[in-house]
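See below for the structure under consideration.
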Amino acid sequence: MHRIAGVAFDDAAKSLRGIPYMSREQGRRIYDHVRATRPASVLEIGTANGVGAAYMAAALEANGDGRLTSLDRTTASFEPGPVKVLADAGLAHRVALIRNPDSSYNWWLKKQVVARTDAAGNTEPLYDLVYLDGAHAWDIDGLAVILVEKLLRPEGWLVLDDLDWTYATSPTLAASPPPELSEEQLRESHMRAVFEVLLQAHPAFTEFRDDGDWGWAKKAPGAPRRLTLQTATAARRRRLARALRVRLRSLRRRLP
Ligand SMILES: C[S@@+](CC[C@H](N)C(=O)[O-])C[C@H]1O[C@@H](n2cnc3c(N)ncnc32)[C@H](O)[C@@H]1O
């Protein structure tokens, strides 16, 4: 067992068993990252049941330091809810749960940036790690990463969840996707576009890791650009195969 102090990984995983949305294997990855980098201040965008929050908070607890702010919309309703999930895991004291009534988290991020920016436009950053797991939509998350960068301390990491998620392959949204999206927008992964088009070309981010389901970007302006591609995981292979099947179906429909 990985027990150092406070709540160990296995204790957290046991208490979170069966609750979506973060798998035990992903929990292990983010837990190990938090243990290794010892962030003082972490932001999670998209709380849901609080499973991701609990894994990160467990690592902060094992570090003996650090706080997580986890953000969701006022209308978010999950069973069990994050208050209970975090309390059951003994981690509530490490997490501030924020609910905001705005159309998306970008308005909350905007307020944070404004509050921390001087007249000359310099922003005082405050997060060492940001885990973005919200809308998975280009129009929302493309702006979110620009705002997050301003709030991220140098040497801090931004992690994008679901690099290969698409509307077309989503078990919950494929049948009734947002009507304003084109076929191409339904088919393509918005988070991969955010990662590849915005982050990998952003001057503040220079180190990247693509580990199949997550895209990692480190803020280290001026450092040499580096990209690490991890071997495709079984889950990623399954997602890619599913995306391919959807694409084939759509091509077949167009054939006379
Ligand atoms: C996949 S869940 C997050 C899972 C969580 N991070 C975990 O690891 O357990 C996505 C969350 O993003 C929130 N979300 C999605 N779109 C949003 C939007 N436009 N504005 C605010 N929150 C949003 C949802 O309410 C939901 O809680």
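Any read-out appearing in this document is the output of simple, stated calculations on the displayed coordinates, not a laboratory observation. These figures come from a predicted structure and were not determined experimentally. Note that we place each Cβ from the backbone using ideal geometry, even for glycine, and neighbour counts take in every protein chain shown.
Brief remarks on what is shown
- Nitroxide proxy distance, nm - points 7 Å out along Cα→Cβ at Asp118 and Ala96: 2.3
- For the stretch 9-254: rounded, prolate or oblate by the Cα gyration tensor [a/c cutoff 1.5]: rounded
- Charge dipole (debye, nearest 20) of the stretch 136-182; +1 at Cβ of Lys and Arg, -1 at Cβ of Asp and Glu: 120
- Axis of helix 24-37 versus longest Cα principal axis of the chain: the two differ by about 50°, to the nearest ten degrees.
- Pair Ile146, Ala241: separation of 7 Å Cα→Cβ label points (nm): 4.0
- Test item: Cα-centred dipole of the chain, Lys/Arg +1 and Asp/Glu -1 on Cβ, debye: 780
- Gain in span if fully extended, Ala76 to Ala204, counting 0.36 nm per residue against the direct Cα distance: 42.8 nm
- Helix-only [θ]222 nm of the chain, DSSP H runs n ≥ 4, -39500 (n - 2.57) each, per residue, nearest 500: -11500 deg cm²/dmol
- Taking the longest Cα principal axis of the chain as reference, the axis of helix 234-254 is set at about 30 degrees.
- Prolate/oblate/rounded call for the stretch 1-125, Cα gyration tensor, a/c under 1.5 rounded: oblate
- Partner lysines for Lys218 [C-alpha distance under 17 Å; skip if fewer than 8 residues away on the same chain]: Lys150
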